[in-house]
1. Kindly give the semi-axes, whole Å and largest first, of the ellipsoid equivalent to the stretch A:213-263, taking each as the square root of 5 times a Cα gyration tensor eigenvalue.
2. Hull surface divided by four, with the convex hull built on the Cα atoms of the protein assembly as shown: how many nm²?
3. To check my understanding: the extent here is largest minus smallest coordinate of the Cα atoms along each principal axis. What are those three numbers for chain A, in Å, largest first?
4. How long is the stretch A:172-265 along each principal axis, judged by its Cα atoms, biggest number first, in Å?
5. Which whole-percent values make up P(r) of the stretch B:137-271 when all C-alpha to C-alpha distances are grouped in 5 Å steps starting at zero?
6. Go through B:27, A:167, A:269, A:75 and list them by solvent-accessible area, largest first, probe radius 1.4 Å.
7. For residue A:159 and residue A:253, compute 0.36 nm times the residue count separating them, minus their Cα-Cα distance, and round to one decimal in nm.
8. Specify whether the C-alpha gyration tensor of the stretch A:147-306 places it in the rounded, prolate or oblate class, a ≥ b ≥ c being the square roots of the eigenvalues: rounded for a/c under 1.5, otherwise prolate if a/b is larger than b/c and oblate if not.
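The values are calculated or read from the model by the stated rules, or taken from the named source; none is laboratory data. Predicted, not measured: the structure shown is a model, and the values here were computed from it. Don't worry about glycine lacking a Cβ; one is built from the backbone with ideal geometry, like all the others, and counts go over all protein chains shown. Protein only, heavy atoms only, side chains kept; ligands, DNA and RNA dropped before computing areas. Shrake-Rupley method; radii C 1.70, N 1.55, O 1.52, S 1.80 Å.
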Amino acid sequence: MIRHLAGRLGQALVASFGVLTIVFFVMRLSGDPTLLLVPEGATAEQIAALRHALGFDRPLFVQYLSYLADLARLDLGESLVQRSGVAGIVAERIPYTVELAAGALVVALGIGIPAGVAMAVWRGGMVERLLAGFVLTGQSLPTFWSGILLILLFGVHLRWLPTSGADGLSSLVMPAIALGALTMSTFARMTRIAVLDELSRDYVSAARARGLSLGAAVARHVLRNAAIPVVTIAALEVGNLLAGAVIVETVFAWPGIGQLAIQSIAARDFLIVQTVVLFVSVVYIGMNLLADIAYAVIDPRIRLDR
Amino acid sequence: MSARFSPGIVLILLLLAAFVLAAAGADLLSPADPLRQSLLLRLREPGFASRTATYWLGTDDLGRDLLSRILYGARASLLVAALSVSVSLVVGTALGLLAGWFRGWTAVLIMRFVDTMLSIPAILLAVLTVAVLGPGFLKLVMVLGLTRWPRYTRVAYAATLQVAGLPYIKAAEMAGCGATRILWRHILPNIAGPLMVVATSEFGLMILFEAGLSFLGLGIQPPYPSWGSIMSAGRQYVTRAWWLTVFPGACLFVLVLCVNLFGDWLRDRVDPRSRGR
């Protein structure tokens with residue numbers, strides 16, 4: 001297992017390094033990254049002085065090395081608009097996005113997994129068809145539309161929930177549902193496939209032959225085995241939820257890193273945008289790695305270094 | 001024929017055709033100029049009739065006819081999606097074919113690049129790149145196309161590896177065919193099915209990406225209509241003008257739903273083993 005995990009860790013490091021490189025070059029696609037960092041209305045001399053101060057007049061390769069060196073020291077730079085460290089500005093917003101993503105994950109798991117199990121157990125019946133429509137809807141709903149519809153219905157019309165902002169659990173409900181819908185569909189589909197696969201195994205027939213009811217067989221044996229692929233997907237989905245937060249946070253004025261990134265684009269504060277992209281990507285890679293480790297721990301075939 | 005085309009898939013194809021027709025014929029179908037503003041006609045309800053015209057879906061905050069804007073928005077949506085899917089299909093497939101054919105270091109380099117691209121959430125990479133480059137139709141297409149190619153590469157790579165070992169490829173090689181000819185004439189037609197399945201699901205995603213970026217103000221720029229930007233403007237008037245959100249969003253939802261259903265149907269036909277999954 002050690003060798004397997006070391007290999008995965010190596011892959012994760014290579015991917016992280018690749019992400020840093022891609023982001024570095026994307027930031028330079030416009031030709032002059034200085035222009036992405038100066039506040040609106042700066043004079044030509046100010047821009048030239050800043051270009052020199054930030055080292056953007058050096059050869060590209062030198063810039064790349066110093067960028068990597070800065071990141072290795074966890075120095076993410078300073079926001080010229082807000083005149084303070086980028087790391088601090090982003091870190092302040094992270095808890096909000098984590099709260100939102102956790103809420104969405106609860107929605108997705110809480111609805112998606114029971115829906116998936118039900119679709120597999122009552123295969124071919126009315127239940128499956130109804131749930132399949134529900135899952136398909138969740139998969140095709142644009143978050144910014146479902147978000148506004150939720151605001152319209154529960155915020156404006158019924159006045160049950162606050163329409164925007166982050167103020168307690170009641171304000172989390174709508175953004176979590178809007179963000180979690182797509183992930184819910186993914187869980188439902190994957191759970192259905194996993195449970196169907198398990199239901200066709202001999203041990204289920206054996207359990208049924210011993211007189212176990214279908215419900216008991218599912219609860220005691222099938223779910224445990226079907227959990228393996230679902231756990232793996234749960235880790236990957238966390239990354240998607242963080243990325244999806246960009247739009248949902250804008251709709252609900254939720255003060256997380258997604259809203260911060262969009263506000264920073266408007267304020268031409270690109271170091272913050274860069275940091276948000278790097279942060280989410282590294283978390284995504286980290287979750288991938290965690291999924292691999294979880295997989296290895298759960299599944300003895302991998303643990304024993306087959 | 002009738003056994004292959006259930007009533008469901010016929011309905012989906014008809015709806016898709018309706019969207020394509022609406023987009024292509026936006027000039028003919030639109031009752032009004034989608035850019036003409038009239039401050040006297042701001043935020044009128046659906047069905048509102050002035051002395052000269054009827055606004056079936058109402059007007060927006062600048063008094064423009066919503067129905068016309070939605071029709072032109074369909075054009076923006078489908079054009080961006082079709083072009084960006086084409087870009088990523090070509091780039092992704094070419095890289096996958098190369099990796100699958102040459103294997104060795106070529107494959108390692110290309111597939112590592114694929115893994116890296118897949119570790120940046122696509123919407124974030126698109127947001128960053130569009131923001132750096134500035135808005136523009138072609139830039140939007142290129143950014144979406146160049147962020148979403150890795151899935152094609154994975155599929156093309158795996159399929160090429162499978163096909164490359166088959167006897168008929170060996171025969172073509174021994175008959176003196178060059179690598180380009182073999183890849184183009186013998187391998188590509190054989191791996192086209194799975195690639196088309198990926199392209200369809202990506203098409204739906206691209207429609208959502210375009211709308212999402214336009215909603216964030218990074219896609220199609222005002223005054224030109226896109227479903228995303230109409231909804232973004234509508235969000236500010238959500239208490240007074242529900243139609244600005246409901247109609248474009250419903251179009252987007254139905255279109256993406258149809259594309260996804262069509263994709264499922266296509267996948268079942270290309271790969272019968274996946275049927276019912």
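1. Over the Cα atoms of the stretch A:213-263, the ellipsoid semi-axes are 38, 11, 6 Å.
2. On the way: hull surface 131.6 nm².
Over every viewing direction, the Cα hull of the protein assembly as shown projects on average to 32.9 nm².
3. 84, 58, 29
4. 62, 21, 15
5. Per 5 Å bin, starting at zero, the Cα-Cα P(r) for the stretch B:137-271 comes out as 2, 9, 14, 15, 14, 12, 10, 8, 6, 4, 3, 2, 1, 0, 0 percent.
6. Largest accessible area first, the residues go A:167, B:27, A:75, A:269.
7. Numbers: separation 94, 0.36 × 94 = 33.84 nm, distance 1.75 nm.
Contour length minus Cα-Cα distance gives 32.1 nm.
8. Oblate, because a/c is 1.5 or more while a/b does not exceed b/c.
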